[in-house]
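Down below is the structure, laid out as structure tokens.
The values are calculated or read from the model by the stated rules, or taken from the named source; none is laboratory data. From a predicted model like this one, the values you see are computed outputs, not experimental measurements. Counting neighbours? That spans all protein chains shown, and the Cβs are built from the backbone with ideal geometry, glycine included.
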Amino acid sequence: MYGKEGLNLKLMRLIFIINLVVLGVFIFLFVTSSNANFKLKAALLQLEKSRVSLSQSLQKQAIDLQNERKKWEEGAASFLEWRYVLRDQVNYAQQRIAAQMDKTKKDKPLMNTVYYTLGLTYILAVDFQPAINAFEEAVKFDPEDAFSYYDLGMLYSTYKNDSKKAIENYKKYLGLAAATDANQARIVQERIKALEAK
């Protein structure tokens, strides 16, 4: 029906159409893969930016932490140095006081003041047991020394964790100073309630 040339023409058209379809598929795949590659590359680029940003942030935090640690170490070293220097000074002062005590033991108000001051100095030196000892001596020379009883109550409750002795000393404080300092007396009464509740 078709001549040889008509068949060839139809065959060429068919081959041409197949080539166009194959080329279209390749173009579609190329465009799709290029688009996917572009999206993938954009996502990878974004991930790399995030990684760099996170890395820089972590490096900055690490440097900040190192600086904070250095400051803390320097502060701790300075505190410890200050504490030991102060403790040495307190011990030296105690030796000097001990040398003079025999001469002044008859002067009870002076001895009370000396021991009370020594107790406060030990608190500043963060040396609590000698502070307790000093306040105990202070009240021996003046049993009506409300301030020493207050400090003893505080030290027994916080440092020694001895509620019974803390309450005993706080109550002595209240008996001596409640009328003169109602505000502080209220605080001490609240502390006693808290200690009794333990």
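Listing for the model above:
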| item | result |
| --- | --- |
| Residue within segment 104-115 that is under 31 Å from the mean Cα position of the chain (by Cα) and surrounded by 14 or more Cβ atoms within 10 Å (Cβ to Cβ) present | no |
| So residue 185, is it part of a helix (DSSP H, G or I), of a type outside the set (S, T, N, Q) and at pLDDT below 95 | yes |
| Qualifying helices (runs of 4 or more DSSP H) (wholly inside segment 74-169; at least 2 residues being modelled with pLDDT of 80 or more and either of a type in the set (Val, Ile, Thr) or not assigned by TED's automatic domain parsing to the domain that holds residue 186 (or both)) | 108-124, 128-141 |
| Scan of segment 157-183 for residues that are of a type outside the set (Asp, Glu) and either touching a Cys at 6+ places or on another chain (Cβ under 7 Å) or farther than 18 Å from residue 145 by Cα (or both), ordered by number | 157, 158, 159, 160, 161, 163, 164, 183 |
| Matching residues in segment 149-179 - criterion: being in contact (Cβ under 8 Å) with a residue 24 or more places away in the chain and out of contact with any helix residue (DSSP H, G or I) (no Cβ under 7 Å at 6 or more places or on another chain) | 160 |
